[in-house]
Amino acid sequence: MIKRSLGDNIFDSLNILFLTGLMIVTLYPFLYVIFASLSVPSELVKHSGILLWPKGFYLEAYKLVIKNHMIISGYKNTLIYVVAGTTLNVFFTALFAFVLSRRDMYWKKYMMMMVVVTMFFSGGLIPGYILVKNLGMLDTRWALILPGLIATWNLIIMRTSFQAIPYELEEAAKIDGASDFRVFAQIILPLSVPVLAVMMLFYGVGHWNAWTGALIYLRDRDLFPLQLVLREILIENSTTDTTNLSTSTGDPFLGEVVKYATIIVATLPILVVYPFIQKYFTKGVMIGALKG
Amino acid sequence: MKSELKLAAGRSGQPGKSRINDYFAMLRRDFKKHKYLYFLGLFGVSYYIIFSYIPMYGVTIAFKDYSPVKGILGSEWIGLKNFTDFFQSFYFWRLLRNTLIISLYDLLIAFPAPIILALLLNEVKHTFFKRTVQTITYLPHFVSIVVISGMIVDFSRKAGLFNVILGWFGVEAQNLLLDPSLFRTIFVGSGIWQGIGWGSIIYLAALSSIDTQLYDAATVDGANRWKQMLHVTVPGIMPTIITLLILRIGGIMDVGFEKVILLYNPQTYETADVISSFVYRRGLLEANYSYSTAVSLFNSVVNFMLLIIANRISRKVNDTSLW
């Protein structure tokens with residue numbers, strides 16, 4: 001290593017300082033919400049300034065959130081969409097990616113063309129809505145699962161990774177009399193566990209965070225996913241529920257804290273699994289980047 | 001075997017016809033050989049036909065007076081009326097201006113931000129620190145836009161966190177989301193906050209693929225770190241930057257309605273209402289299907305033209321292009 005100049009040292013220090021600042025700016029809003037959600041409402045309201053620790057310690061808000069029937073049904077619905085949706089997504093994406101990764105199939109290139117065109121053109125919001133309506137899927141769970149069954153970008157990532165599997169393996173199996181089904185099930189899939197995991201995560205987090213589909217296609221509140229329930233509580237300020245609660249428990253500022261607790265309850269699953277799954281996402285982005 | 005016989009028979013007939021026959025024979029053989037694959041492909045193909053191509057056909061309602069009772073086919077053609085209505089309406093310039101300004105802010109500030117972060121991270125030699133920065137800055141990408149917007153709404157309240165911090169600088173507290181002049185800053189700023197880390201991954205991937213020998217050679221030639229960054233690192237990731245820039249320009253009219261409709265309110269429509277949020281309101285809330293489809297078609301056409309122009313310029317100037 002060559003000698004480091006004074007300029008190098010100054011740059012390195014400033015760089016570390018800047019990046020540390022960026023980390024604080026990224027994390028603090030979440031910490032603030034966590035601290036606020038654990039604070040005693042009346043003290044939180046009196047306090048003005050940033051929070052470095054909860055004001056007192058208070059769990060009532062969390063108790064109210066996990067008893068809220070809309071939150072419970074939102075959680076349940078979101079789990080259904082995540083599990084059923086992701087399973088179908090990954091299955092059909094893998095199946096089509098397998099077909100598109102074959103070498104000597106004549107119509108493959110037309111199928112591929114048909115797929116790529118959709119990356120540049122789409123019908124848009126209204127024709128999509130009319131289609132779902134005409135298919136009779138309004139106000140059904142299918143409306144949140146079928147229209148996004150195959151995400152083209154994910155399909156291409158998967159196809160790229162299937163194509164990277166050495167052809168000799170497949171050829172050997174075919175000589176031994178394996179059908180295309182068996183090649184798919186016994187050679188391609190077992191060798192693609194990492195990319196399948198990445199796809200599950202992409203689709204899974206997508207379903208967890210999705211809300212516009214529900215906004216557009218659902219009227220029935222019993223089918224609402226968690227994010228749409230959150231929108232009502234956090235954005236539309238339908239604090240009717242929470243203010244009622246406040247008056248019943250006698251603390252006029254409870255509603256505020258309940259909001260913070262709601263954010264935490266809704267985000268916790270992502271925050272908890274995030275450190276473990278982060279590197280797989282990165283991998284997915286890399287595979288996608290190679291293609292592009 | 002049978003198809004080969006047919007192929008031979010075809011060849012002996014008239015020349016024009018035989019080529020077509022050859023083609024069909026070849027297709028037949030291909031179908032037969034890959035019958036399972038074609039069967040499996042049928043699922044994917046039907047998905048794309050139903051959920052992508054039928055809506056594309058549905059765009060024709062932009063030129064019709066669509067009524068749900070008559071259906072898409074049965075509704076009357078009205079030519080370009082929806083388009084001229086839109087171009088002459090009060091909304092046209094406002095929506096175009098808002099969409100373009102937000103998008104330009106995004107292009108000028110939010111686009112370079114992850115590149116700069118990647119370059120800075122690349123200079124960090126301490127692996128653990130680098131990993132930590134990455135892990136933390138990727139985090140907001142995974143949090144839903146509803147939660148992020150909920151936090152923004154709360155922090156923008158008169159007693160909210162943003163106002164507390166602005167108060168340190170002597171700014172008077174107000175509900176920031178009710179001020180039309182602040183909407184763009186909040187919208188683009190929160191977008192950078194949420195996307196900077198995740199956006200840097202792709203550049204970090206490009207950085208890691210630069211040949212280290214280039215750096216050695218530059219050091220031998222006496223280049224300091226700044227010079228190395230300028231002449232080795234930046235040219236190394238240029239193709240990635242250009243590719244993403246072309247795609248970004250092709251999406252310049254796409255300011256998604258999700259975050260807009262979560263953050264705007266009638267008081268800020270003046271600066272906040274963009275094409276996609278207008279389409280959502282007019283189309284879905286007011287059931288004005290044909291008109292809003294025309295607006296969104298106009299949007300896509302402009303985007304596609306920009307994509308083609310950007311790609312063409314880049315091919316001439318840089319030899320980098322999407323196709």
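No lab work stands behind these numbers, since they all come straight from the coordinates. Predicted, not measured: the structure shown is a model, and the values here were computed from it. Heads up, the Cβs are rebuilt from the backbone with ideal geometry, glycines too, and the neighbour counts pull from every protein chain shown.
Where in chain A are the helices, taken as whole DSSP H runs, whose Cα atoms extend 27 angstrom or more along the long axis and whose Kyte-Doolittle mean reaches at least 0.5?
On the way: long enough: A:6-37 (46 Å, 1.43); A:254-291 (51 Å, 1.13).
Going by DSSP H runs, the hits are A:6-37, A:254-291.
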Let's see if you can work this out: charge +1 on each Lys and Arg Cβ, -1 on each Asp and Glu Cβ, no other charges. What is the dipole magnitude of chain B about its Cα centre, in debye to the nearest 20? 1440 debye
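Can you check what the net charge comes to around residue B:147, using other residues whose Cβ is under 12 Å from the Cβ of residue B:147 (Lys, Arg +1; Asp, Glu -1)?
Residues close to residue B:147 contribute a combined charge of +2.
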Sorted from fewest to most neighbouring beta carbons within 10 Å, what does the list B:148, B:192 look like? B:192, B:148
How long, wide and thick is chain B, going by the Cα atoms along their three principal axes, in whole angstroms, largest first? 91, 68, 37
Under 8 Å for C-alpha pairs, at least 6 residues apart: give me the relative contact order for chain A, rounded to a whole percent. 30 percent
All other residues with a Cβ under 13 Å from the Cβ of residue B:261 taken together, and with Lys, Arg as +1 and Asp, Glu as -1, what is their net charge? +1
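Around residue B:225, under 12 Å between beta carbons, what's the net of Lys plus Arg minus Asp minus Glu among the other residues?
Numbers: positive: A:4, B:125, B:227; negative: A:8, A:12, B:123.
That works out to 0.
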Number of partner chain Cβ atoms within 10 Å, mean per residue of A:196-202: 0
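What is the dipole size for the range A:69-221, taken about its Cα centre, with +1 at each Lys and Arg Cβ and -1 at each Asp and Glu Cβ, in debye to the nearest 20?
Numbers: 12 positive and 8 negative charges, 88 e Å.
In total the dipole reaches around 420 debye.
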Counting other beta carbons within 10 Å of each Cβ, put B:77, A:142, A:208 in order, fewest first. B:77, A:142, A:208
Per the C-alpha gyration tensor (a ≥ b ≥ c, the square roots of its eigenvalues), chain A is rounded if a/c is under 1.5, else prolate if a/b beats b/c, else oblate; here it's oblate
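About the Cα centre of chain A, how large is the charge dipole given +1 on each Lys and Arg Cβ and -1 on each Asp and Glu Cβ? Please answer in debye to the nearest 20. Present the calculation step by step, with values, prior to reporting the outcome.
Details: 23 positive and 18 negative charges, 85 e Å.
Result for chain A is approximately 400 debye, rounded to the nearest 20.
Report the far tail of the P(r) of the range B:54-111, meaning the percent of Cα-Cα pairs longer than 15 Å.
Numbers: 1057 of 1653 pairs.
Tail of P(r) above 15 Å: 64 percent of Cα pairs.
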Give me a single rounded figure for A:26-38: the average over its residues of other chain Cβ atoms within 10 Å of their Cβ. 3
Work out the charge dipole of the range A:26-135 with +1 on the Cβ of Lys and Arg and -1 on the Cβ of Asp and Glu about the Cα centre, then indicate which of A:40, A:80, A:135 is farthest towards its positive end. A:135
Given a cut-off of under 8 Å on Cα pairs at least six residues apart, what relative contact order in percent is computed for the range B:89-318? 27 percent
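Got a sec? How would A:199, A:119 order by Cβ neighbour count within 10 Å, fewest to most?
Details: A:199 25, A:119 11.
The most exposed by this proxy come first: A:119, A:199.
Return the tail of the calculated pair distribution for the protein assembly as shown, meaning the percent of Cα-Cα pairs more than 48 Å apart. All intermediate terms of the calculation are to be shown ahead of the outcome.
Working: 39734 of 188805 pairs.
For the protein assembly as shown, the share of Cα pairs beyond 48 Å comes to 21 percent.
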Which number gives the lysine pairs in chain A that have C-alpha atoms under 24 Å apart and are eight or more places apart or on different chains? 17
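Which helices count as membrane-span-like in chain B under these terms: full DSSP H, at least 30 Å along the axis by C-alpha, Kyte-Doolittle mean of -0.5 or more? Intermediate values should be presented prior to the final figure.
Working: long enough: B:183-208 (37 Å, 1.05); B:289-318 (42 Å, 0.62).
Correct list, ordered by number: B:183-208, B:289-318.
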10 Å Cβ neighbours from other chains, averaged over peptide B:293-305: 2
